[in-house]
């Protein structure tokens, strides 16, 4: 039976009069990757801070692995790994020194820093000072640091933000490896492609409220529409685009008419992206 | 609080600390200032000639010696102690008086006075002490000097030499820069670079972080204080007492530094704050420099209780009992700051 790794109930937090997180509730199962999506200022970071014990909820509670975060933050923090969006490594220390420091603080015995360095693709650079690393290398080291205690729950805040495709793909692979190990992953991201590929479920947060929470497939079925996009040669010889919305009664007739009346050059099916669905639900984009 | 984690954080601070500008500044500036002043004035500390006495018979010689302000007099229990003290420079000249010294001198019988001279002492100190010893012996023998010396002091008789006036300032700089600035800047930098947030999401508590950073300040501050005293040959018989006083001063400074680190958000604000409160921190030293200012005013400032015992012991040969009152005030200040820090840590824990 699947256990609940993260349970949030009526979490609420306000900065003065600004209600950053407004009475949100959700569960994340053990071994699940949950995508937490929303534009800047939606309340993602405040939620993560409450879940990781950095902020005490003003209302509601969060339980990680059955432990109340607000009353036993250190017990929770010993079992989680957090990768921040902003680089907060010790720049004057080497990559290996950074990892060893945190492993010691977590009380990890027989920690193999070079192996972890190799695993995140920094082989040969572990002894270099972090200040000499590129942005992608620093991000990989941040991810590695989140792994040092083999956490049961991983919080990853925009782990691939601003990275080149190779680095981003390497990090996505690492996330899937951690899930395979049994870790639960709470992934905060703007990247719809990433969320779609990695997450079993995604939660949309907007203005402090969770406005949708489901599997990407269910969300697309519920909110999105599939279309056929065709390029045809018009009567005047020009190339034109035709769109036919699928899953309607009229659809078969419209497709037949298309092939009978016009010369079809290309034909593609398209489905709504998570971004489209977010816009449809909230009326605004994710990167606003 | 786990000592193991404090040790890990302390080790990181000690290894990485010397790479920071403020760490270097805190170590180099007081040393450079000490060396510069030492070059100009010779030494910062009182150069009253120091006389050591082993007196087995309650001689008038000892009474006469201790009655004068011109010398610093230390009594020793045995000739071995006196020899050791002279060899390490605690006294410039050491005198051993036999039990029947006064009786023999009074009746004109031959007797022996063993005198040890510290090899590195200056000729002026030896000469002054030799002349005084001769006078005291003549007094015991009942001989009046054939010459009456009429002395007139010219210039301002109460003015302290500048090397003595500068002493508290240099010692305070060593103790305060190391003790206060190193923990404060380290905490503020970690806040600015958000490494403190990374530490906060580990089993490490903020209390452990504060203790580790404070300990670095305590270690550097105490060491700097001892080095400055040693450079000025002020470590003598009171070395252990001075180390203890400096340690208390360092703890007080480090607590203040950690508190500043908690309250201040960025390094620019830290420097601005230090500029503003610098005058208050160094006020006792500045007051000591200018004798026109009533000296009691210095007692208003907390740092007075940190520096005055050092001056009393190193300059005037004071013992623990002489400075106990000041140390009790210093301990009370340490307890108050410790309480404020504990409250701050608790507040942060409740917010987090």
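The values are calculated or read from the model by the stated rules, or taken from the named source; none is laboratory data. As the structure is a prediction and not an experimental result, all values here were calculated from the model. Counting neighbours? That spans all protein chains shown, and the Cβs are built from the backbone with ideal geometry, glycine included.
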Residue in the range B:78-88 that is over 30 Å from residue B:140 (Cα atoms) and either modelled with pLDDT under 90 or touching a strand residue (DSSP E or B) at 6+ places or on another chain (Cβ under 7 Å) (or both) present: yes
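A quick yes/no check of all residues on (1) without any contact (Cβ under 8 Å) to a residue 60 or more places away in the chain; (2) within 14 Å of chain A (Cβ to nearest Cβ); (3) surrounded by 18 or more Cβ atoms within 10 Å (Cβ to Cβ); (4) in a helix (DSSP H, G or I):
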residue	(1), (2), (3), (4)
B:208	no, yes, yes, yes
B:214	yes, no, yes, yes
B:230	yes, no, no, yes
B:243	yes, no, no, yes
B:268	yes, no, no, yes
B:275	yes, no, no, yes
Matching residues, the range B:100-131, being part of a loop (DSSP other than H, G, I, E, B) and surrounded by 17 or more Cβ atoms within 10 Å (Cβ to Cβ): B:118, B:121
Scan of the range B:292-301 for residues that are under 20 Å from the mean Cα position of the chain (by Cα) and surrounded by fewer than 18 Cβ atoms within 10 Å (Cβ to Cβ), ordered by number: B:295, B:296, B:299, B:300
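With within 14 Å of another protein chain (Cβ to nearest Cβ), over 19 Å from the mean Cα position of the chain (by Cα) and without any contact (Cβ under 8 Å) to a residue 40 or more places away in the chain as the only criterion, which of B:39, B:3, B:14 stands out? If you could, list the steps in order and put the result at the bottom.
Working: B:39 fails: within 14 Å of another protein chain (Cβ to nearest Cβ); B:14 fails: without any contact (Cβ under 8 Å) to a residue 40 or more places away in the chain.
Checking each option against the conditions leaves just B:3.
Tell me, which strands (runs of 3 or more DSSP E) lie completely within the range A:19-119 with 1 or more residues that are more than 14 Å from chain B (Cβ to nearest Cβ) and in contact with a helix residue (DSSP H, G or I) (Cβ under 9 Å, 6 or more places away or on another chain)?
Details: elements: A:33-37, A:59-64, A:80-83.
Here the list reads A:33-37, A:59-64.
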Test: residue in the range B:17-35 that is more than 14 Å from every other protein chain (Cβ to nearest Cβ), in contact (Cβ under 8 Å) with a residue 12 or more places away in the chain and within 25 Å of residue B:123 (Cβ to Cβ): yes
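Considering every residue within the range A:144-151, establish whether at least one is under 15 Å from the mean Cα position of the chain (by Cα) and modelled with pLDDT of 95 or more. Walk me through it before giving the result.
Keep residues of the range A:144-151 that are under 15 Å from the mean Cα position of the chain (by Cα), which gives none.
For the range A:144-151, residues under 15 Å from the mean Cα position of the chain (by Cα) and modelled with pLDDT of 95 or more: absent.
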Residues of the range A:219-233 satisfying the condition of being within 17 Å of residue A:246 (Cα to Cα), touching a strand residue (DSSP E or B) at 6+ places or on another chain (Cβ under 7 Å) and buried (at least 17 other Cβ atoms within 10 Å of the Cβ): A:219, A:227, A:228, A:230
Those helices (runs of 4 or more DSSP H) lying entirely in the range A:213-288 with at least 1 residues at pLDDT below 85 and under 30 Å from residue A:29 (Cα atoms): A:216-223, A:274-282
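Go through the range A:178-196 residue by residue and tally those that are within 10 Å of the chain's Cα centre (by Cα) and surrounded by fewer than 17 Cβ atoms within 10 Å (Cβ to Cβ).
Our first condition is that a residue be within 10 Å of the chain's Cα centre (by Cα); within the range A:178-196, this holds for A:185-196.
Those still in the list that are surrounded by fewer than 17 Cβ atoms within 10 Å (Cβ to Cβ) too: A:193.
Summing the residues that are within 10 Å of the chain's Cα centre (by Cα) and surrounded by fewer than 17 Cβ atoms within 10 Å (Cβ to Cβ) in the range A:178-196 gives 1.
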Residues of the range A:202-218 satisfying the condition of being touching a residue at least 60 places away in the same chain (Cβ under 8 Å), out of contact with any helix residue (DSSP H, G or I) (no Cβ under 6 Å at 6 or more places or on another chain) and surrounded by fewer than 20 Cβ atoms within 10 Å (Cβ to Cβ): A:207, A:209, A:213
Extreme residue, surrounded by the fewest Cβ atoms within 10 Å (Cβ to Cβ), among residues of the range B:232-241 that are touching a helix residue (DSSP H, G or I) at 6+ places or on another chain (Cβ under 6 Å) and either within 14 Å of another protein chain (Cβ to nearest Cβ) or at pLDDT below 90 (or both): B:235
Only listed residue being at pLDDT 90 or above, touching a helix residue (DSSP H, G or I) at 6+ places or on another chain (Cβ under 7 Å) and not in a loop (DSSP other than H, G, I, E, B), chosen from B:137, B:188: B:188
